[in-house]
Amino acid sequence: MIENVPGAAEAARLDAADPLRRFRAQFDLPDGLIYLDGNSLGALPHRSIARASRTVAGEWGRTLIDSWNDHGWIDLPITAGLRIAPLVGALPDEVVVADTVSTNLFKLAGAALALRPGRRAIVTDAANFPTDVYILEGLAALRGGIELRRVAHDQVFAALDSDVAALCLSHVDYRTARIEDMAVLTRAAHAVGALAIWDLSHSVGAIPIDLNAAEADFAVGCGYKYLNGGPGAPAFLFVARRHQEAARNPLSGWLGHAQPFAFDGSYRPASGIRRFVTSSPPVISLSVLDESLQIFAETDMAALRAKSQAQSDMLIRLVEAGCKGLGLALASPRDPDRRGSHVLFDHEEGYAVVQALKRRGMVGDFRVPNGIRLGIAPLYNSYADIAHAAAHLAAVLRRREYDAPELRVRAAVT
Ligand SMILES: Cc1ncc(COP(=O)(O)O)c(C=O)c1O
């Protein structure tokens, strides 16, 4: 606990008036924990605990293999996709849940290259999330003769020309939280005949997304961050309807086949989005994600966004007031319309600061080189969390709690 928290009275007022307040009780959060890391691993919904138990004991345990048909296991990639579609501005048949973000990006970037034969380049932001860059590197090497143009953020437009098959960007930057203008960048890609692939991992479930209004071609996104699907939850992918019959999944596995149980000797893609499924769905984790997604049907993205913006504005204001002269600098856009749902502060002892915060019962994360990243999940974070978080951060810096040598030992996962 911490005494005399600046902003506590304001936070109490805002919490009392918060139209989303009821959602916090739907999550199994440890008492007293200030969890500002829902952008890395979302919290556990109570209903998902019950679903996991139902899937394992009630379905796997009782009806065994018949559950594929009797409990709709085989259709889970599609049913969970139906729940994500309205969150990203997709039509119901444009989203499927499968695999991981990395694997899905490989599938879609491979499909994009095949849709633009003769073009030899892919453009991405050099500061894009590393797995996206690594996957594109791997794909380029596999295909041969493909140039991966990793450019500075302000060079993206200049890197687009008639040799580019695809532009691949994150909608919200994993470090700074900067939001890209999806419509403008997609239009720029289309103007040179390229396709646009978006990584929605840091925006889905936190900010409104309209893939079809932006005329995006392809997208991928993460299930375990703001969607609260649990550690290693499957990811999703989007293919605009106009591409679905021509796009080919390079990971042409049996469950993307038109008739998997015909056991044909060669691959024939299913029609529509189903062809982007590759393998047997991970039923247990997919069921948990499917359950967590149902919470979103009880609210709308505009309400979540309004709360997230109010909270991130409040966090910046309180942190800057409490940490003046203590070596902290805002590294996210100040304009809330250009900022996603997390806030990055740089401090030269960022790693040890994040560890010191954990000792106080406040969880954020560290991102190299110096970033203290605080994620706001408006479904369960209260305004009181925000005021307390700012007070803890100020106390850690003022008292130099980060100087403790044991806080400098880096763990495998930061
Ligand atoms: C932007 C972005 N893309 C992808 C991933 C993860 O990809 P994967 O599902 O392959 O682990 C993350 C994880 O933090 C991410 O932030």
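The table below gives the values:
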item: Most to least packed among 233-245, 113-125 [average Cβ atoms within 10 Å]; result: 233-245, 113-125
item: Förster-model FRET efficiency, 25 Å R0, Arg248 and Thr79, C-beta, rounded to 0.05; result: 0.55
item: Distance between modelled label sites at Ala191 and Asp163, nm, 7 Å Cα→Cβ extension; result: 2.0 nm
item: 1.4 Å probe accessible area per residue over segment 176-237, in Å²; result: 24 Å²
item: Carbon plus sulfur fraction of accessible area for segment 177-288, probe 1.4 Å, in percent; result: 55 percent
item: FRET E, pair Ile65, Asp93, Förster distance 41 Å, beta-carbon r, rounded to 0.05; result: 0.90
item: By average C-beta atoms within 10 angstrom, highest first, the peptides 271-278, 155-162; result: 271-278, 155-162
item: Residue-wise HN-Hα coupling along segment 66-72, computed from phi with Karplus coefficients 6.51, -1.76, 1.60 (Hz; x: Gly, Pro); result: 4, 4, 3, 8, 5, 10, x
item: Kirkwood-based shape ratio for the chain, expressed as Rg/Rh from alpha carbons; result: 0.99
item: Where the Cα pairs of segment 228-304 fall when distances are cut into 5 Å bins, in %; result: 3, 14, 18, 17, 17, 16, 9, 4, 1, 1, 0
item: Contact order normalised by residue count of segment 86-158, Cα under 8 Å, 6+ apart, percent; result: 32 percent
item: Radius, Kirkwood style, for segment 76-206 when every pair of distinct Cα atoms is counted (Å); result: 15.1 Å
item: Amide H contacts of Asp217 (H built 1.01 Å from N, under 5 Å, at least 5 apart or other chain); result: Ala196
item: Long-range Cα-Cα pairs in segment 54-111 (distance over 16 Å), rounded percent; result: 58 percent
item: Relative contact order of the chain, pairs being alpha-carbon contacts under 8 Å that are 6 or more residues apart, as %; result: 23 percent
item: Where segment 340-414 is the region considered: accessible area per residue in Å², 1.4 Å probe; result: 36 Å²
item: Spacing of the two label points (7 Å from each Cα toward its C-beta) at Arg334 and Ala297, in nm; result: 4.4 nm
item: In sequence order, calculated HN-Hα J values of segment 157-172 (Karplus, 6.51, -1.76, 1.60; Hz; x Gly/Pro); result: 4, 5, 7, 8, 8, 6, 8, 8, 8, 8, 10, 10, 9, 8, 5, 10
item: If the convex hull is drawn through the Cα atoms of segment 2-46, its volume per residue in Å³; result: 100 Å³
item: Principal axis dimensions, largest first and in whole angstrom, of segment 164-229 by Cα; result: 37, 21, 19
item: Of every Cα-Cα pair in segment 286-348, the percent that sits beyond 20 Å; result: 44 percent
item: Cα gyration tensor shape for segment 7-114, rounded if a/c is under 1.5, else prolate or oblate; result: oblate
item: Relative contact order of segment 251-308, pairs being alpha-carbon contacts under 8 Å that are 6 or more residues apart, as %; result: 31 percent
item: Computed E for Glu10/Val413 - FRET, C-beta separation, R0 25 angstrom, nearest 0.05; result: 0.15
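The values are calculated or read from the model by the stated rules, or taken from the named source; none is laboratory data. Keep in mind that what you see is a predicted model, and the values were worked out from it rather than measured. Reconstructed Cβ throughout: ideal geometry from the backbone, glycine too, with neighbour counts over all protein chains shown. Ligands, DNA and RNA are excluded from the accessible area calculation, which covers all protein heavy atoms including side chains. Shrake-Rupley method; radii C 1.70, N 1.55, O 1.52, S 1.80 Å.
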